[in-house]
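One structure below.
Please treat every number below as a calculation from the coordinates, not as lab data. Keep in mind it's a predicted model, so treat the numbers as computed, not measured. Here Cβ is always computed from backbone atoms with ideal geometry, including for glycine, and neighbour counts include all displayed protein chains.
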Amino acid sequence: MNKLYYFLYFLFFTMFSTVAEARENSILLNFDYINQSTPQVILFNAFSEKRYGDGDFLLTATSSSGLEVTYSSADTSIAEVYKDSNDGNRWKLKINAVGSVIITASQAGNEFFDEAVPISQNLVINPAILIITAQTKSKLYIFS
């Protein structure tokens, strides 16, 4: 057996013996573990200009804890968020219509970090630009 095993055995035996001896002498030892979690914040930059017809794009908010940030859309008919399983399960946004929609970044926390305050950004999707180019054409007419 390794040294760590013997050390842990010794530590457990010593603690158990001390507690048993304390109970025998009417002394109560109470060991409490205090779970103190750390606050965290989310950094979620404003969106650049988007247009209807733009391709899906990566959402890049980060949390100070390094834990994964999740996203939600207030109106999925305008824009929807999803995890792209073909791109390492990274969060992306798909534009569905022209309009304005709130996208929220959240982080639930864990046993070491508190839940982060959600951060929302307004995404404005402008109409696509329509470019019409006329072709120069000619037709020959013969008069007789």
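Annotations
- Under-5 Å amide H pairs with Tyr52, H placed in peptide plane, nonlocal only: Asn126, Ala128
- Efficiency of FRET from Cβ geometry, Ser77 and Leu130, R₀ 22 Å, rounded to 0.05: 0.50
- Phi-derived couplings, Karplus 6.51 cos²θ - 1.76 cosθ + 1.60 at θ = phi - 60°, listed residue by residue for the stretch 78-83: 9, 8, 10, 9, 7, 9 Hz, with x used for Gly and Pro.
- Counting only the Cα atoms, the stretch 31-144 fills a convex hull of 148 Å³ per residue.
- Relative packing of peptides 37-44, 101-108 - highest average C-beta neighbours within 10 Å first: 101-108, 37-44
- R0 of 35 Å, Cβ-Cβ distance Asp56-Ile142: FRET efficiency to nearest 0.05: 0.05
- The mean sequence distance of close C-alpha pairs (under 8 Å, at least 6 residues apart), as a share of the length of the stretch 97-144, puts its relative contact order at 36 percent.
- Amide H contacts of Ser65 (H built 1.01 Å from N, under 5 Å, at least 5 apart or other chain): Val41
- Take every Cα pair under 8 Å whose residues are at least 6 apart in sequence, average their separation, divide by the length of the stretch 30-99, and the relative contact order is 30 percent.
- Projected label distance in nm at Glu68 and Asn86, using a 7 Å step from Cα toward the beta-carbon: 2.0 nm
- Computed over the stretch 65-144: relative contact order in percent, which uses C-alpha pairs under 8 Å that are six or more apart: 25 percent
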